[in-house]
Structure formats: C-alpha cells, structure tokens
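The values are calculated or read from the model by the stated rules, or taken from the named source; none is laboratory data. Keep in mind that this is a model prediction, so the values were computed, not measured. Every residue, glycine as well, gets a Cβ built from its backbone with ideal geometry; the counts of neighbours run over all protein chains shown. To get the accessible areas, we keep the full protein, side chains included, count just its heavy atoms, and leave off ligands, DNA and RNA. Shrake-Rupley method; radii C 1.70, N 1.55, O 1.52, S 1.80 Å.
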Amino acid sequence: MLKMGLFGWLRGSSARQTRLFGPTSEGLYGALPKGARWTLGSDPAASPSLFVPEPGELAFDIVECEWDEKIFKAVVVANCGERVVGFALVLPVSDGTITDGVDKISAGFNGQPVLHDRHEWIIPRGHPTRIATFVSLGEPTNNLVRLFEECFGMPATDRPAAPDFMCDMVVLRGLIVPESGRMTARCKVFLRTSDAEDETYAEFFLSINTLEKAIWVSEKAAEYRAPIIGWATSEIQRPQ
C-alpha cells in the first residue's frame, strides 16, 4: 500500500491553536472547542474508515501488531516496485500511573523564555508515552533507506539502516481505546540529541490506524531530510 508523491506537506492551520492538552476520559486527544474543526487532513478521532493516507504520504500495511500492558508493537511493510520496504515501531505504554505535561512559556521583556504555568495529566493505561523506537527489519529497512535517499534527491549509498533508534513522539489528535484495539492517531515525531534545534534535529508526522491496519508518514519540512537519513543510518545517535 505505497502512495507516491512521497512526503508532501500537510496543509491547513495549526492544530496547536485549538488543541486541549492531554486525553479526555474517553481517550480523545486534541479535543476541539465548540465550533472548531480539525484542518490537517482527515480527522483521526472521526470515522476510522475516513482516516487514511493522502497523496504525498508514505503508507505501510500493519502485518503484525502486539498491544499489551507494556508495549504497542507494529511491524509494517509496503511494496515499492520489486522491493519490500518496512520497519517495526515500538511504543511503551502507560500502566495508568505515568504523568505527562506541557510547559506554558512566552518571551519575557529581555527576550528570554518565561515559564507561566505547567499543565499535567496522567497518561491512561495502555496509551503510548512520549517514547518511540524504530527497529530495523533488515533488508526491508535497508530498502527504505534507499527509497529515502532517492526521494530526498540524495546520492545512493549502501549504508545499512540503524538497528534501532529511540525518539520522542506526541499525539496531536486522535482517539485511543486499548480495550477495543483502537489507536487512530496523528502524531509528530521529534529526532534530537539535545534541547537545541541543531543540525541533528528533525521532525516528521506519523499516523496510526490500527482498525484499518495502516501506518503512514509525511514530511514536516525539507530541511529535516539530511538529519532523518542520519538517524536512519546511525550517523546521528541519541545520547545514552
């Protein structure tokens, strides 16, 4: 299930303008105020059958899925011509006691950031925490790196994919109900070695629909292409 026009922009106004932090008791992320609507493509909290990849997004089929009290794990693959591309995604999930939070910061008179408040919540049982690990499947993931090089307009190499790498992931909008096996979520992934947004920093969007057995990715900005390749080949690594 490979949709070409790889890594097109997601268009629309920022969900952060209307998003309420933390999930509701029903498992809804990014609850919108009355009269507001989700504008970044199809709504993952609405009908699952409508939450599907759009042109410019690289889509994979979920061929294996494990979701228990400790982890969510999905093995995903797609056919790309004569090649099979894919990877495994591992998300630790909450036991119902892990907390998350958002700092409310603005610029002070001297230009330095000022912390005004912190909003915290408990991550519900079975919901993903902010940690995500991408794991190589061997040849399919090596093929995926070659596909990235091609689509990013970079010289082809024979660099193998990283065995795995850990990063941060937040749910922007979605509905997660572990009891029914539902995770329909649009997420943002952050690749970073420090708090600074330096040459190792990158972002991209990741969408998960367990009911339609699909995971897909899309680009945030072209400037992140080089560091994405760096992370995917172990040239950039997260500090231990």
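One table, with the values for the structure above:
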quantity	calculated
Counted residues, the stretch 63-74 - those being under 15 Å from the mean Cα position of the chain (by Cα) and touching a residue at least 24 places away in the same chain (Cβ under 8 Å)	2
Filtered residues of the stretch 57-93 (kept if crowded, with 18+ Cβ neighbours inside 10 Å and in a loop (DSSP other than H, G, I, E, B))	Glu57
Verdict on Thr157 being assigned to a loop (DSSP other than H, G, I, E, B) and either out of contact with any strand residue (DSSP E or B) (no Cβ under 9 Å at 6 or more places or on another chain) or open to solvent by less than 90 Å² (accessible area, probe 1.4 Å) (or both)	yes
Residues that are outside any strand (DSSP E or B), open to solvent by 30 Å² or more (accessible area, probe 1.4 Å) and either touching a Leu at 6+ places or on another chain (Cβ under 8 Å) or of a type outside the set (Phe, Trp, Tyr) (or both), drawn from the stretch 97-111	Thr97, Ile98, Asn110, Gly111
Selection status of Pro163, modelled with pLDDT of 95 or more, open to solvent by 50 Å² or more (accessible area, probe 1.4 Å) and under 20 Å from Ile229 (Cβ atoms)	yes
